[in-house]
1. Quick check, is Gly132 under 30 Å from Arg10 (Cα atoms), modelled with pLDDT under 85, open to solvent by less than 80 Å² (accessible area, probe 1.4 Å) and out of contact with any Cys (no Cβ under 8 Å at 6 or more places or on another chain)?
2. Sort through Ala102, Ala94 and tell me the only one that's open to solvent by 80 Å² or more (accessible area, probe 1.4 Å), free of Cβ contacts under 8 Å to residues at least 24 places away in the same chain, farther than 18 Å from Arg33 by Cα and among the small types (Gly, Ala, Ser).
3. Keeping to the stretch 59-76, report how many residues are of a type in the set (D, E, K, R) and surrounded by 15 or more Cβ atoms within 10 Å (Cβ to Cβ).
4. Identify all residues within the stretch 21-41 that are at pLDDT 85 or above and among the aliphatic types (A, V, I, L, M); write none if there are none.
5. Have a look at Arg121, Arg74, Arg117, Arg145 and point out the one that is touching a residue at least 24 places away in the same chain (Cβ under 8 Å), among the charged types (D, E, K, R) and more than 17 Å from Glu26 (Cα to Cα).
6. Filter the stretch 53-71 down to the residues that are in a helix (DSSP H, G or I) and closer than 15 Å to Gly15 by Cα and list them by number.
7. Could you grab me the full set of residues in the stretch 135-167 that are assigned to a loop (DSSP other than H, G, I, E, B) and surrounded by 10 or more Cβ atoms within 10 Å (Cβ to Cβ)?
8. Just to be sure I understand the filter: pairs with C-beta atoms under 8 Å, separated by 6 or more residues or on different chains, first member in the stretch 6-32 and within 26 Å of Gln80 (Cα to Cα), second member open to solvent by less than 20 Å² (accessible area, probe 1.4 Å) and part of a loop (DSSP other than H, G, I, E, B). Which pairs pass?
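The values are calculated or read from the model by the stated rules, or taken from the named source; none is laboratory data. Keep in mind that what you see is a predicted model, and the values were worked out from it rather than measured. Virtual Cβ from ideal backbone geometry, glycine too; neighbours counted across all protein chains shown. The area values use the complete protein model at the heavy-atom level, side chains included, leaving out ligands, DNA and RNA. Shrake-Rupley method; radii C 1.70, N 1.55, O 1.52, S 1.80 Å.
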Amino acid sequence: MPLPQDLLLRSPEEGARRVALTFLDEAHAGSRRLDDADDKEALHDFRVGIRRLRSTARAWKDVLDGALRKRDRRALKALQNATGGGRDAEVAIAWLETQRDALQGDDAAALDRLVQRLRARLADAMAHATGGLREQFDAIEEDLRRRLGTLSIEVDLGEARPRLSCA
C-alpha cells in the first residue's frame with residue numbers, strides 16, 4: 001500500500017497505521033519470495049519489513065495501542081530472531097567470498113570448509129523459514145492487517161481541542 005501524499009496532514013492514529021501497513025506489505029512480499037532459491041534478497045527483505053514494522057510499533061506504541069499489542073510485538077520479534085541465523089550466514093558467506101583471492105593453500109581450504117558449513121546453516125534456516133515460520137507470519141499478518149486496517153476514533157464534542165496531525 002503506497003503512502004498517501006498528505007500523510008503528514010492525517011491524524012497520528014491513521015498515519016501510524018498506514019506506515020505500519022506499508023511495512024507489513026514489505027514483509028509479506030519478502031515472505032512470498034522465500035521459496036525461490038535463486039532470490040538471494042528474499043530473506044533480507046522479509047527481515048527488513050519485520051524490523052521496520054517492529055520499529056514503527058515501538059515509535060508509535062501509544063497511537064497503535066490495540067492494533068499492535070504486546071503479544072504481536074513478541075511474535076514479530078520471534079520471527080526476526082528465528083531468521084537471524086540464516087541472514088548472518090548469508091552475510092558471512094558474501095564477505096568470505098570476497099576474501100578468497102587473498103588466500104592460498106591451507107587458508108583457502110579452511111575458507112572453503114567454513115563456507116560449506118555456513119551454506120548448510122543457511123539451507124537449514126531457509127527450510128525453516130519457508131515451512132512453519134511463514135505459516136506463523138501468515139497468521140500474525142492476517143490479524144495485524146485486520147486491526148491496523150480499521151480505525152475508530154471517539155471524539156468528545158463537548159471538549160474543544162486542537163486537531164493533531166502526523167506532522
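1. Working: under 30 Å from Arg10 (Cα atoms): no; modelled with pLDDT under 85: yes; open to solvent by less than 80 Å² (accessible area, probe 1.4 Å): yes; out of contact with any Cys (no Cβ under 8 Å at 6 or more places or on another chain): yes.
No, not satisfied.
2. Working: Ala94 fails: open to solvent by 80 Å² or more (accessible area, probe 1.4 Å).
Going through Ala102, Ala94 in turn, the sole match is Ala102.
3. The total comes to 3.
4. Selection gives Leu21, Leu24, Ala27, Ala29.
5. Details: Arg74 fails: touching a residue at least 24 places away in the same chain (Cβ under 8 Å); Arg117 fails: touching a residue at least 24 places away in the same chain (Cβ under 8 Å); Arg145 fails: more than 17 Å from Glu26 (Cα to Cα).
One residue alone meets the criteria, Arg121.
6. Step one: filter the stretch 53-71 for residues in a helix (DSSP H, G or I), giving 53-59, 61-64, 70-71.
Once the filter is applied, which keeps residues that are in a helix (DSSP H, G or I) and closer than 15 Å to Gly15 by Cα, the stretch 53-71 yields Leu53, Ser55, Thr56, Ala57, Arg58, Ala59, Lys61, Asp62, Val63, Leu64.
7. Going residue by residue through the stretch 135-167, those that are assigned to a loop (DSSP other than H, G, I, E, B) are 149-167.
Result: Gly149, Leu151, Leu164, Ser165, Cys166.
8. Once the first residue is within 26 Å of Gln80 (Cα to Cα) and sits in the stretch 6-32, its partners that are open to solvent by less than 20 Å² (accessible area, probe 1.4 Å) and part of a loop (DSSP other than H, G, I, E, B) give Arg17/Ala67; Ala20/Ala67; Ala20/Leu68.
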